[in-house]
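**Student:** Handing you a structure now.
Every read-out reported here was derived from the displayed coordinates using simple, explicitly stated rules and does not represent laboratory data. The structure displayed is predicted, hence computed values, not measured ones. Backbone-built Cβ (ideal geometry, glycine too); neighbour counts: all protein chains shown.
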Amino acid sequence: MKPAELTQTISDTLPELRKSERKVAGFVLKNPLQVIRMRIVDLAQEAEVSEPTVVRFCRAVGCHGFQDFKLALAQQLASSPSYGQIAVTDTDSTREYTQKVFDSTVDTLLKVRESLVIERLDAAVAAICAAERVEFYGFGASAAVAFDAQHKFFRLQITSAAYSDPHLQNMSATSLHSGDVVVAISQSGRTQALIDSMELVKQAGGVVIAIAPSGSPIARNASIAIEVDAKEDIKIYTPLSSRIAHLAVIDVLAIGVAKKKGPQLQQHLQKLQEGLASLRSP
């Protein structure tokens, strides 16, 4: 049996399983990521069956035992069309994998919210408000976040730009002045080209705000590190939850800057809306 066929085999075998074995099958199909980290006693307790029942279930779906079953399940999760930490199985309906995507994103956002250091957010907002120029650097999936951020801060009357090309980043970094700000955005926190650009910014007297995983080289080399940790396998999959978390952090900074600017900003935003009115269908 190929690893990718395991969950399908479990589903196909359900009618032939004993009632107690179906309880194990149901738990495995709903919690595959959790199961691969369990001991046999843990799975038995969660499914409310005996350990011999777990062994019988494993053999019923074509595995030699519990360890062989966990290995096959882990191989499927590694090779299936899942995205990062979202355990999409072959048997998931559209409703089920849609729910998993949203649940995973909400869970990540809540965890990131609780881990943010408020003092660093305050420092980042203050630095942006004091800067003459604010630029956003990012590569790959982080480039989309950088350009979204530039659009937001442009609306806030901040002289801003976004760059996803290392040559443009380096040229821009060397033209910055003391007090200017660069927001370096990274899913991995290890992109060497971004680290090099950050060093040029600091040499020019600029402030580097990093949005990156805690303890990563980019976070360590920043003037102000806003640490965002999302458990995703970004080596293989396109980042999902972490990208949304980065966008949320950008929104937090934008709201902070807007509050600092006060009522005059509201008048400016109203003018922007009036200017856009002619571009919209009635």
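**Student:** Please give me, ordered by residue number, the GluC sites (Glu not before Pro) of the stretch 117-187 that lie in loop per DSSP and have at most 12 other Cβ atoms within 10 Å.
**Tutor:** Glu132
**Student:** Further question: Given charges of +1 on the Cβ of Lys and Arg and -1 on the Cβ of Asp and Glu, with all other atoms neutral, how large is the dipole of the chain about its Cα centre, in debye to the nearest 20? Mind showing how you got there, number by number?
**Tutor:** Numbers: 30 positive and 30 negative charges, 65 e Å.
Its charge dipole is roughly 320 debye.
**Student:** Which percent of Cα pairs goes in each bin when the distances of the chain are cut into 10 angstrom slices starting at zero?
**Tutor:** 6, 24, 23, 18, 14, 10, 5, 0
**Student:** Would you mind getting me the FRET efficiency between Asp68 and Ser93? Use the beta-carbon distance for r and R0 = 30 Å, nearest 0.05.
**Tutor:** Values: r = 28 Å, r/R0 = 0.94.
My answer for the efficiency is 0.60.
**Student:** Write down the percent of antiparallel bridges among all DSSP beta bridges whose residues are both part of the chain, to the nearest 5. Walk me through the numbers before you get to the answer.
**Tutor:** Values: 1 of 19 bridges.
Here the share of antiparallel DSSP bridges comes out near 5 percent.
**Student:** Add -39500 (n - 2.57) for each DSSP H run of 4 or more in the chain, then divide by its residues: what number comes out at 222 nm, to the nearest 500 deg cm²/dmol? Walk me through the numbers on the way to the answer.
**Tutor:** Details: 14 runs with 166 residues, N = 282.
It lands at -18000 deg cm²/dmol.
**Student:** Hey, in the GNM for the chain with a 10 angstrom Cα cutoff, which one of Pro217, Pro32, Pro52 fluctuates hardest?
**Tutor:** Pro52
**Student:** Which of these, Arg95, Arg59, Arg243, has the largest mean-square fluctuation under a Gaussian network model of the chain (Cα springs below 10 Å)?
**Tutor:** Highest fluctuation among the options: Arg95.
**Student:** Taking Cα pairs under 8 Å and at least six residues apart, what relative contact order does the chain come out at, in percent? Show your work: numbers first, answer last.
**Tutor:** On the way: 420 pairs, mean separation 45.4, N = 282.
Computed over the chain, the figure is 16 percent.
**Student:** Related question: Tell me the label-point distance for the pair Ser20, Gln8, using the 7 Å Cα-to-Cβ offset, in nm and rounded to one decimal.
**Tutor:** For the pair Ser20/Gln8, the computed spacing is 3.1 nm.
**Student:** Kirkwood-based Rg over Rh for the stretch 3-82 (C-alpha set), two decimals? Intermediate values should be presented prior to the final figure.
**Tutor:** Details: Rg = 11.2 Å, Rh = 12.2 Å.
Across the stretch 3-82, the Cα-based Rg/Rh ratio is 0.92.
**Student:** Taking the Cβ of each residue in Tyr137, Tyr97, Tyr163 as the centre, tally the other Cβ atoms inside 10 Å and list the residues starting with the fewest.
**Tutor:** Details: Tyr137 31, Tyr97 17, Tyr163 23.
Ascending number of Cβ neighbours within 10 Å: Tyr97, Tyr163, Tyr137.
**Student:** Can you tell which of Thr13, Thr94, Thr105 shows the greatest fluctuation in a Gaussian network model of the chain with Cα springs below 10 Å?
**Tutor:** The residue that fluctuates most here is Thr94.
**Student:** About the Cα centre of the stretch 3-82, what is the dipole size in debye to 20, counting +1 per Lys and Arg Cβ and -1 per Asp and Glu Cβ, all else neutral? All intermediate terms of the calculation are to be shown ahead of the outcome.
**Tutor:** Values: 10 positive and 9 negative charges, 23 e Å.
My answer is approximately 120 debye.
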